Each structure stands twice: as C-alpha cells, then as structure tokens.
Amino acid sequence: MESLWRILEKREQGRNGVYLNNPSDSLQEIHRDVIVVGAGMAGILTAFYLKEQGKSVLVLEADELASGQTRGTTAKITSQHGIKYSTLIKTVGKKKARLYAQANEEAIEEFERLIREKKIDCQFERVPAYLYTLQNKEALEKEVQVAAELGIDAYFTRETELLFPVEGAVCFQNQAQFSPLDFLRGISAELEIIEHVKVTKIRGNRVATKRGILSADAIVVATHYPLLNVPGFYFLRQHQERSYMLALSGCRRLKGMYYGIDKNGRTLRQAGDYLLFGGNARRTGENENGGVYEELLVAARQYFPECRELTRWSAQDCMPHDGIPFIGRYSVFTPHLYVATGFQKWGMTSSMIAAMLLRDEICGIENPYDKLFSPRRLNFRASIGNLLQDVGMSAKGLLRGAFHKPKESAGSLLNRQGGIVIIDGAAHAAYRDEEGELHIFSKRCAHMGCELTWNPDEQSWDCPCHGSRFDADGRLLDNPSKSGMKKQADGKTE
C-alpha cells in the first residue's frame, strides 16, 4: 500500500546529497556540530537551516529519505487545523492562539520563499483551504470569527465546489499544497545524509548505532515519535491516531483543499491528475473490524461514480494533549538534546515551524514562538481531558484479557488473518500466513505491556495505549516501542 507520492516519485540513482549506504562503512567517532535523527520533512528542514547558519550537520535515517510519516502526508501547507482557534482561545488564551496562527502563516510564506529561491519543482501552488460541515455550522461560524480576530484571512460561506450540499464552510485564503517528496529531494541536495542506520541509544552528546558511535554538540530527534521514553515521557503527553487515504482518478478536479469537521468527515485535495480522498481517523489500535478503505471507496463513489482507485495508504499522527506540538529541548535533564513531535495532522507547517525554532534555539537566536511550543510547558487546563482519556485507555489496554480470555482458538484463523486466540490454554497473538503457517507471539506490546490488537486493513499488530505498531511477523513499525514482538513457537495448522 504505497502512497501516491511514492508511486509518482522518480527515484534517481546518485542523488545529490552525500548518502553513505555501504553497510561496511564505519561511523565510529564521527563528530558534527549537529546530528539530526530522522530524514523526514522536519529533520531535513532542520538540517538545511542549521547548515545555512554554518553548522556541520549530519542526518541519520533508519530507512530512506522520507520513508516515514512524510510519505503518507496529504501535503497541505495550511494554518487551518480543524476547529483549532476557538479551542485554543478557551484552553491557552488569545495571546497564544494568535502566536500559533502567526507561526503557521509564516511557515506557509517560508515554504513559498524557499521553493522560489531554490527553484524547486515540486508543484507548489497557492489554493484556498476549506473546513466544511454537514450539520454544525455554528462551530464554523465561531471559528471564522476567531480566526479573523487572530489575523487570518478567512470567511464563512455555504458555496463550495463539492458535489454535495454543506451546511457551511470556512475558507482560509492563500494556503498551499505541493509534492512533498519532490520538495525534499530538492532541499536535501547539499546535505550529508546517511541512510539505513538505526540509532539505538543516545547518551549525553553521543549517538550509538550498529555501525559505530558518533558525537555532536547538539542532537535533534526528528523521528515523528521520540526515540527515548525517559526523560521526556512523551508517551504520557500524547497519543497516536491513524488516518486512511485513497488516490482516485476519473474525478472532477477540485481547486481548493477540503477538511470535514463532522464525525467521519472527509479530507479532499487535488494532486495533479489524482484526487486524494481520505478520513476514517481513529486511535491507533481501534481498527479490529477493518473495512476502513472499503468505507472510503463507497463514500467516494457516491460523489464520483466514475472514480478509479490507484492506491491506498495510511498515516500515523501524534496528538499532544493540549493540541500544540512539542518543539525544543527534549527535557530539562538533556541539554544537548532537542525534539520535534506532536504535529497532529498538520505535519507540513509544523515541520517548518520546528526547523526554524530548532535552528534559532541551537544557534542562540531569539524566536517569538519558543515558549508556545516548548516541550517543558505545562498547559494543565488544556491537557487534562485528553490526559484522563489516555490514562483510561492505557489502563484498559493493560487489563485487557486479564478477566476475559478470547473464545477463539488458533484453528479459527484463516490465511492472512491474525488475532488474540487461545493456544494450549493460554492467550497469544497469532497470525496465519498465505501458506497456512501459524506465527505465534506474546500478545503484549514490548513497550509497556498493553494487549495488542490485530488491524486487518494493514495486516499489523497495533497498540491502543501508546501507538506502537508491528507487522504481521512482529517487526517494529512505529514507536514508542524499541523492539519487536516476542515470538513464540510457530506451527503449521491447528
């Protein structure tokens, strides 16, 4: 299930950056001013701006450039983040809400400046972005009023180009969209990037990998979800959600970007000849029944009967409790370490904000937004509701199965099907592959022991507590877990 960006990407041999991919190359005792861990949008932009300031910067990537969440983005560059500003005013006040709006508007401008000056061909274009509703126009009327007070060019309307009637919509003007992988290839051309190197430990100013130990005056963790559980405790300060996307051909072209605020609201935007049509967001670990892609396709064909599916994919988003990303020093105990996480569903503008903030903090440059995004902030009133919900989910995940064992046996699993089943009187996570061979694992997540769930749409084991994910063979897909599932004895058929 490759994203549209991966399908359209024309991978070139001999890319312009310095890519040291020979597994025999030793990295022992390499030193740079800054090491950035993670070669997604946030990591590459951070490295780019630090290099502009004269820093020697090395980017380490466990897989390949933009192989993580960046490849799954809808690539909307926008300050429109759902019902955001009326919420922020209630939880953190008007001053901080205005700073959030300004930071995101400046991020859009900076993308355009950078693309223009570097002459990057990435299909960048300014387009309007719409929030729409089928049933709750009062929320949108409030949002547009607040957005205007905060200096955003927005207006309320009932007229859109959507092929279905809406109760109302808020249009944010002068937003943007682009092709993220084309942009990253252009912006990373002069960066030093080492792919296929997984960071196993960070201590002080040293970074450990299987190919050697490196050091830096400053280390930036830009891995979507932070590498280190302690300190920072980011697994207690945010949860993770998954969203699902289709790329469709044969649809009427849209000029704007759209995001529905209702339950099961859809997101739409044009990407060249294809329409991106998505939604069905849910907490990671809550897709045991499956069918999310089929549900999306049925909805798409209601509005675009002639549409044809090119590809489908998903993305994972870190959702901070107070609705504001964590950007800055990792913790008070780690003076050399910095982090960028909690981008919610708005990774493009958040990545740009993170890159400029981290550049300024590392280089000692004043930045008006540092306190707003600081990981050391305490927004108790804004966080308490989501914190209590996450605590409840964690408790449920830890206790799940303690009092009620599954009724199914391993023999009930069909090929390419997984689930928590009884084997020899005990509950295990089991998956039956295409050949009928049974793969048996501990049902507990390697992170903190929550019971995993089987995600049939993505053939993965997902943790409902903190969002770790594993493939059908138990290999780690997403943090915060640091290791794969514990494997038990396998068998042919039951």
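The values are calculated or read from the model by the stated rules, or taken from the named source; none is laboratory data. These numbers come from a predicted model, not from an experiment. A quick note on method: Cβ atoms are made from the backbone with ideal geometry, for glycine too, and the neighbour counts reach across all protein chains shown. For the accessible areas, the whole protein counts, side chains as well, though only heavy atoms, and no ligand, DNA or RNA atoms are used. Shrake-Rupley method; radii C 1.70, N 1.55, O 1.52, S 1.80 Å.
Residue-by-condition table, conditions (1) closer than 30 Å to Val207 by Cβ; (2) assigned to a loop (DSSP other than H, G, I, E, B); (3) open to solvent by less than 10 Å² (accessible area, probe 1.4 Å); (4) at pLDDT below 95:
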position	(1), (2), (3), (4)
Ile324	yes, yes, yes, no
Phe333	yes, yes, no, yes
Leu378	yes, yes, no, yes
Gly385	no, no, no, yes
Leu388	no, no, no, yes
Leu398	no, no, no, yes
His404	no, yes, no, yes
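Consider the range 81-103 and keep the residues that are β-branched (Val, Ile, Thr) and not in a helix (DSSP H, G or I). The one that is farthest from the chain's Cα centre (by Cα) is Val92.
Among the residues of the range 57-80, the one identified as assigned to a helix (DSSP H, G or I) and among the charged types (D, E, K, R) is Arg71. Of everything in the range 361-376 that is in a loop (DSSP other than H, G, I, E, B), open to solvent by 30 Å² or more (accessible area, probe 1.4 Å) and touching a residue at least 40 places away in the same chain (Cβ under 8 Å), the residue that is farthest from Val220 (Cα to Cα) is Pro368.
Just one of the listed residues (Met319, Met352) is of a type in the set (A, V, I, L, M), open to solvent by 10 Å² or more (accessible area, probe 1.4 Å), under 18 Å from Lys84 (Cβ atoms) and not in a loop (DSSP other than H, G, I, E, B), and it is Met319. Taken together, Ile77, Ile120 contain a single residue that is in contact with an Asp or Glu (Cβ under 9 Å, 6 or more places away or on another chain), touching a residue at least 12 places away in the same chain (Cβ under 8 Å) and open to solvent by 10 Å² or more (accessible area, probe 1.4 Å), which is Ile120.
In the range 41-72, the residue that is farthest from Ala107 (Cα to Cα) out of those that are hydroxyl-bearing (Ser, Thr, Tyr) and at pLDDT 95 or above is Ser56. Among the numbered conditions (1) at pLDDT 90 or above; (2) within 17 Å of Gln240 (Cα to Cα); (3) among the charged types (D, E, K, R), the only one that Asp473 does not meet is (2).
The single residue among Glu112, Glu106, Glu141 that is assigned to a helix (DSSP H, G or I), more than 21 Å from Phe183 (Cβ to Cβ) and either at pLDDT 95 or above or not small (Gly, Ala, Ser) (or both) turns out to be Glu141. Restricting attention to the range 217-262 and to residues that are of a type in the set (Gly, Ala, Ser) and open to solvent by less than 20 Å² (accessible area, probe 1.4 Å), the residue that is nearest to the chain's Cα centre (by Cα) turns out to be Ala222. Can we say Leu65 is under 27 Å from Trp313 (Cβ atoms) and either surrounded by fewer than 23 Cβ atoms within 10 Å (Cβ to Cβ) or of a type outside the set (Ser, Thr, Tyr) (or both)? Against the criterion (under 27 Å from Trp313 (Cβ atoms) and either surrounded by fewer than 23 Cβ atoms within 10 Å (Cβ to Cβ) or of a type outside the set (Ser, Thr, Tyr) (or both)), Leu65 qualifies. Number of residues in the range 99-112 that are open to solvent by 20 Å² or more (accessible area, probe 1.4 Å) and closer than 17 Å to Leu357 by Cα: the value is 6.
Note on the range 104-113: residues that are within 18 Å of Ser188 (Cβ to Cβ) and within 23 Å of the chain's Cα centre (by Cα) total 2.
Cβ separations smaller than 9 Å between residues 6+ apart or across chains give the following pairs from the range 410-432 residues that are closer than 16 Å to Gln459 by Cα and in a strand (DSSP E or B) to residues that are modelled with pLDDT of 90 or more and hydroxyl-bearing (Ser, Thr, Tyr): Gln417/Tyr431; Gly418/Tyr431; Gly418/Ser460; Gly419/Tyr431; Gly419/Thr453; Ile420/Thr453; Ala429/Ser442. Applying the criterion of being under 17 Å from Lys76 (Cβ atoms) and in contact (Cβ under 8 Å) with a residue 40 or more places away in the chain to the residues of the range 271-312, the residue that is surrounded by the fewest Cβ atoms within 10 Å (Cβ to Cβ) is Gly272. Apart from one condition, Arg266 fits all of (1) open to solvent by less than 20 Å² (accessible area, probe 1.4 Å); (2) farther than 30 Å from Val59 by Cα; the exception is (1).
Number of residues in the range 26-56 that are crowded, with 24+ Cβ neighbours inside 10 Å and in a strand (DSSP E or B): the value is 4.
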